[in-house]
1. Just a yes or no: is a residue in the stretch 144-152 over 30 Å from Arg51 (Cα atoms), part of a strand (DSSP E or B) and of a type in the set (Ser, Thr, Tyr)?
2. Return the total of residues in the stretch 279-313 being of a type in the set (D, E, K, R) and closer than 20 Å to Asp31 by Cα.
3. With the requirement that a residue be outside any loop (DSSP other than H, G, I, E, B) and either surrounded by fewer than 18 Cβ atoms within 10 Å (Cβ to Cβ) or touching a Ser or Thr at 6+ places or on another chain (Cβ under 7 Å) (or both), what does the stretch 354-368 give you?
4. Quick check on this structure: which one of Pro365, Pro321 is more than 16 Å from Trp420 (Cα to Cα), touching a Pro at 6+ places or on another chain (Cβ under 8 Å) and not charged (D, E, K, R)?
5. Is it true that some residue in the stretch 164-185 is within 21 Å of Ala59 (Cα to Cα), under 17 Å from the mean Cα position of the chain (by Cα) and assigned to a helix (DSSP H, G or I)?
6. Quick one: Asp332 ticks every box in (1) out of contact with any strand residue (DSSP E or B) (no Cβ under 6 Å at 6 or more places or on another chain); (2) assigned by TED's automatic domain parsing to the domain that holds Ser236; (3) farther than 30 Å from Pro178 by Cβ; (4) at pLDDT 95 or above except a single one, so which number is it?
7. Could you tell me whether any residue of the stretch 239-253 is aromatic (Phe, Trp, Tyr) and at pLDDT 95 or above?
8. For the stretch 355-365, state whether one or more residues are closer than 28 Å to Asp31 by Cβ, within 28 Å of the chain's Cα centre (by Cα) and modelled with pLDDT of 95 or more.
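The values are calculated or read from the model by the stated rules, or taken from the named source; none is laboratory data. As the structure is a computational prediction, the values presented were derived from the model and not from experiment. Cβ atoms come from the backbone with ideal geometry, glycine included; neighbour counts cover every protein chain shown.
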Amino acid sequence: MRHTSKGADDDVRMRGFAQRDTVAAALAWLDAQDVQDAQARPLATETIPLRNAAGRVLAASVVSDVDVPGFDRATMDGYALIADSTEGATAYTRLPLSVIGDSMPGSPFVGSVSAGEAVRVMTGAPMPRGADAVLPAEWVETECTSPCKISALAAVSPGKNMGRRGEDIVRGTILLEPGRILRPQDLGVLSSVGQGEVRVIRRPRVRLAVTGNELLPSGAHPSGFHIVDANGPMLSALIERDGGIVDFPGLVRDDPSAILEALQADADVVIVSGGSSVGIEDLAPVLVARHGELAVHGIAMRPSSPTGFGRMGNRLVFLLPGNPVSSLCAYDFFAGRAIRALGGRPKEWPYRAIQGKLNRKISSPIGRLDYVRVKIDGDLVDPLAVGGASILSSTTRADGFVIVGDDSEGFAAGSDVKVWLYA
């Protein structure tokens, strides 16, 4: 199905949708924005302290300008020596060696080692000049005389129990490539080559506007005919999961000026939760069409059919249904995809997928994509008998979801299906 942008005159309130875009058509618009537009490519970069870089997306290759380690070093406690000095040593044929000094981490032995000599060395300490192996402490018998002497109880080969310069990282090595989501161990590697800062892609700024005169703020107690906002905390967590910075100053009343103010916020993305459907108080679609571009409104999927999105100036705007499961589904399909792309992350879902066998059939009409919550019991996948888009607790009872494409009538019991896991 091909969509056309909706104008201000295409007011569907109390009239319903004349047609709905397919999920594929909606995603095509989202993914095919002008490549010159900042919304269609990763955002600008910034340099941040390394200690703050975990979870951020690397913006440029990092090349080491040093060897790590920068010197030959001992890999165990013992005695640094010339390996040939131990040739033929056994517990029955002990070979004497003179200890001429110590090498400690950060405090190397300043002389050099000759045949028949040894330097006591600790793990990580620099190898003395001339030494090419470390005789482990447990292979040594010590005589505490002056000068100190030891006897080798076993032989070692050249290079034994020592690490060479550049063994971990060779100067000129590309350590990390752009687009990598930095892990704690990555920060350790960067620090080891002297990087105190790192260049990353800027995190998208997301204005979250949760609308509804019936809503109470999170933390309030349900009272009378009012309900407590569930979408604000849920969407905030999803945005942060996807690398966005959330601006959520509070609930927005069902008022055109208040909603328009949120739509025009200084942000990379605006997400409006609620007021996206065809009711008389569903104001957001009309405002986007009047002041920007409403590219998509109404999608052939369940839940999340009333979803819309478009542009307000340089901002991408997403209109998510107020019903919590619909809001979750629409976020994952569309808004989250855009936020991840803007921040340089993979567009695809950050969910792990497994295969399972369907315990009961799933029915779905041709022409509509269905998002079906399921539980996992061993190898069996059991659809939850919950249709309501407002039943958010169904997502906590569910282990994940199955997608039925709009070209399918569903899956028969016993079918192998892909399950996307919530965790």
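1. Yes, the conditions are met somewhere in the stretch 144-152.
2. Initial filter on the stretch 279-313 (of a type in the set (D, E, K, R)): 281-282, 290, 293, 302, 311.
The next check asks that each one be closer than 20 Å to Asp31 by Cα; those that pass are 293, 311.
Counting residues in the stretch 279-313 that are of a type in the set (D, E, K, R) and closer than 20 Å to Asp31 by Cα gives 2.
3. Listed by number, the residues that qualify are Ile354, Gln355, Lys357, Leu358, Ser363.
4. Numbers: Pro365 fails: touching a Pro at 6+ places or on another chain (Cβ under 8 Å).
Checking each option against the conditions leaves just Pro321.
5. yes
6. Against the list (1) out of contact with any strand residue (DSSP E or B) (no Cβ under 6 Å at 6 or more places or on another chain); (2) assigned by TED's automatic domain parsing to the domain that holds Ser236; (3) farther than 30 Å from Pro178 by Cβ; (4) at pLDDT 95 or above, Asp332 comes up short only on (3).
7. Yes, that holds for at least one residue.
8. Initially, the stretch 355-365 is screened for residues closer than 28 Å to Asp31 by Cβ, giving 355, 362, 364-365.
Pick out the ones that are also within 28 Å of the chain's Cα centre (by Cα) and you get 355.
With modelled with pLDDT of 95 or more added as a condition, the list becomes 355.
Yes, there is a match, as at least one residue in the stretch 355-365 is closer than 28 Å to Asp31 by Cβ, within 28 Å of the chain's Cα centre (by Cα) and modelled with pLDDT of 95 or more.
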